[in-house]
Amino acid sequence: MTAPAPNPRLADLTATARATLSDIYSRHEHVFLGFSGGKDSLALLHVCEPWRDRVTLLWSNTGYMAAHMAAFVRGHGERWRLVEVSPERDMLDDWSEHGTPVDVVAIGHLEGLDWNSPRVRPWPLCCRQNRMAPLVAYLARFERPCVLLNGQRQSDKGTTPERMAEIMSSNVTTAMPLWAWSTSDVLTYLAAHAIPLPPHHGVFQGSMECAVCPADLKPGRLRVLDRFEPHAAAFVRSTARISLGFVAARTREIEAVLAETAPPPPELRPCRPMSSASPAGTDHRRHST
Ligand code: SF4
């Protein structure tokens, strides 16, 4: 078997990430790593290998992760210190009160307006409540100064260090050592180090956080659910169709209003001859030469 070709970019990125971590560990006693079992947190975990005894994996478990993924995440607890945090109440009860997460919103179904029922809400609000809030609460209760390492990358256009700082308690510093890495860098790193990936990685490389989530729908995610969690797949399809129906109904109402009230098309008149339309003293006719 031939050795993989040297990859200077990845070597530089890895060295920079390790330098960042070295600096963090020289200044902080308590370091957590937000861990979901996804490719980014797996790569970050491996970069942290030199500090294995000094990092605690923090897994925000909504209680609805696909079973094969929950087992994959828990498996990392055999080699690393792993802490599992969860929402205070069942996530589906939270949906009942505040709305089902959706990609597109018919605003009459939003909490606070409540012109129509049932409620829906933009999915980032659900993630904030059911995935981020337990993590934020755990670290706030920790009280001592600590660092939360996060595998977020800039090219993914997700959260930023600034936004994380806004929601974290003052004892927490957030660091994103893979910020400059591309998706391809992460996949190359994982392959180069033969890091075991989630069982569904060949079909879908994105997040499988909540099997029942009807938002952020992607074909690969549904294919994985069809294979690993068929009941959840059916639930996701029917729930997404219901919320899409709310949007479609409002879309039809708006289209009907626009059609009913559209002004008549402007009356068509024959054009005036060019010569009479020209300003006085101007002759646009071609001169023969
Ligand atoms: S993944 Fe979906 S269901 Fe899970 S917390 Fe986020 S929005 Fe809510």
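Please give the helix 8-27 orientation as an angle from the longest Cα principal axis of the chain, in degrees from 0 to 90, rounded to the nearest 10.
60 degrees
To the nearest 20 debye, what is the magnitude of the charge dipole of the chain about its Cα centre, counting +1 on the Cβ of each Lys and Arg and -1 on the Cβ of each Asp and Glu?
740 debye
Spelling out what I want: for every residue of the range 79-86, take phi, set θ = phi - 60°, compute 6.51 cos²θ - 1.76 cosθ + 1.60 (Karplus), and round to whole Hz; glycine and proline get x.
Going residue by residue, I get 10, 10, 6, 10, 10, 10, 10, 9 Hz, with x marking Gly and Pro.
So what is the relative contact order for the chain, in percent, with contacts set as C-alpha pairs under 8 Å and at least six apart? Spell out each step's value before the answer.
Working: 356 pairs, mean separation 57.4, N = 289.
That works out to 20 percent.
Grab the eigenvalues of the alpha-carbon gyration tensor for the chain, scale each by 5, take roots, and send me the semi-axes largest first in whole angstrom.
50, 30, 21
Determine the dipole magnitude for the range 150-278: charges of +1 sit on the beta-carbon of Lys and Arg, -1 on that of Asp and Glu, nothing else is charged, the reference point is the Cα centre, and the result goes in debye to the nearest 20.
Dipole size: approximately 340 debye.
Quick one: check the C-alpha center-to-center distance for the range 29-52 versus the range 53-73, whole angstrom.
The distance from the Cα centre of the range 29-52 to that of the range 53-73 comes to 12 Å.
For the range 171-185, just list the computed ³J(HN,Hα) in residue order, Karplus coefficients 6.51, -1.76 and 1.60, θ = phi - 60°, integers in Hz, with x standing in for Gly and Pro.
Computed from phi, the couplings for the range 171-185 are 7, 10, 10, 9, 9, 10, x, 9, 3, 8, 7, 8, 4, 5, 4 Hz.
Under the rule of -39500 (n - 2.57) per DSSP H run of 4 or more residues, summed and divided by the residues of the chain, what mean residue ellipticity at 222 nm is obtained, to the nearest 500 deg cm²/dmol?
So the calculated ellipticity at 222 nm is -13000 deg cm²/dmol.
Within 10 Å, at most 15 other Cβ atoms, and a DSSP state outside H, G, I, E, B define an exposed site. Report the longest part of the chain free of exposed GluC sites (Glu not before Pro).
That gives 144-266 as the longest site-free run.
What net charge is computed for the residues neighbouring V186, neighbours being all others with C-beta under 13 Å from the C-beta of V186, Lys and Arg scored +1, Asp and Glu -1?
0
Around P230, with a cut-off of 14 angstrom between Cβ atoms, what is the net charge of the other residues, counting Lys and Arg +1 and Asp and Glu -1?
Working: positive: R221, R223, R227, R237; negative: D226, E229.
Neighbourhood net charge equals +2.
In sequence order, what are the phi-derived ³J(HN,Hα) couplings for the range 254-265 according to the Karplus relation 6.51 cos²θ - 1.76 cosθ + 1.60 with θ = phi - 60°, rounded to whole Hz, with x for glycine and proline?
Residue by residue, the range 254-265 yields 5, 4, 5, 4, 5, 5, 5, 9, 5, x, x, x Hz.
Using only Cα atoms, tell me the angle between helix 219-228 and the longest principal axis of the chain; keep it within 0 to 90° and round to the nearest 10.
Its long axis makes an angle of about 40 degrees.
Name the shape class, rounded, prolate or oblate, that the alpha-carbon gyration tensor gives for the range 1-75, where a ≥ b ≥ c are the square roots of its eigenvalues, rounded holds for a/c under 1.5, and otherwise prolate holds if a/b is larger than b/c and oblate otherwise.
oblate
Readers should treat all values here as calculations from the given coordinates under stated rules, not as data from a laboratory. Since we're looking at a predicted model, the values are computed, not measured. Counting neighbours? That spans all protein chains shown, and the Cβs are built from the backbone with ideal geometry, glycine included.
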